[in-house]
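Written below as structure tokens is the structure these notes are about.
The values are calculated or read from the model by the stated rules, or taken from the named source; none is laboratory data. Being a predicted model, the structure only gives us computed values, none of them experimental. Heads up, the Cβs are rebuilt from the backbone with ideal geometry, glycines too, and the neighbour counts pull from every protein chain shown.
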Amino acid sequence: MTHKLRITTGYARLRLLAVVAIALLSFASAAAAAPALGIAVTKKTVTISNVPSGGTIVLFSCMRSSLYRSVAVKPEARVLHDDDRDGVIRFTPTADIPLRSVWVAVDEASGQTC
């Protein structure tokens with residue numbers, strides 16, 4: 001037994017069209033309002049861009065480096081703030097960033113990641 005959705009009146013069709021249009025517009029405006037976070041990692045710094053002005057980012061990292069006859073793995077998590085409200089956060093660790101590292105930034109307010 002199959003059921004089919006039938007919209008029989010013009011008013012009901014118009015109402016359905018309006019609901020769909022509003023949903024699409026709200027989705028498009030929400031996507032346009034919050035640009036995606038960006039992350040750039042160099043040998044010396046990690047730069048997170050498109051941070052909301054004055055926002056807070058949680059920066060997760062896992063770095064791997066070779067030691068004599070062993071491998072060192074160093075996971076970290078840090079909370080960083082956009083104190084100057086320019087939408088960019090720069091983090092400079094005390095030592096150079098190893099080539100074998102993974103970095104993830106999470107916007108604390110929205111949960112957006114990069």
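For the reader, a short list of remarks on this structure follows.
- Residues that are outside any loop (DSSP other than H, G, I, E, B), out of contact with any Cys (no Cβ under 8 Å at 6 or more places or on another chain) and either among the hydrophobic types (A, V, I, L, M, F, W, C) or more than 16 Å from Ala40 (Cα to Cα) (or both), drawn from the stretch 76-94: Ala77, Arg78, Val79, Leu80, His81, Val88, Ile89, Phe91
- Close pairs from the stretch 46-58: first touching a residue at least 12 places away in the same chain (Cβ under 8 Å) and under 16 Å from Thr92 (Cβ atoms), partner part of a loop (DSSP other than H, G, I, E, B) and hydroxyl-bearing (Ser, Thr, Tyr), Cβ under 9 Å, at least 6 apart: Val46/Thr92
- Considering residues of the stretch 85-114 that are of a type in the set (D, E, K, R) and over 18 Å from Gly38 (Cα atoms) only, the residue surrounded by the fewest Cβ atoms within 10 Å (Cβ to Cβ): Asp96
- Among the residues of the stretch 89-103, the one identified as of a type in the set (A, V, I, L, M) and modelled with pLDDT of 95 or more is Ile89.
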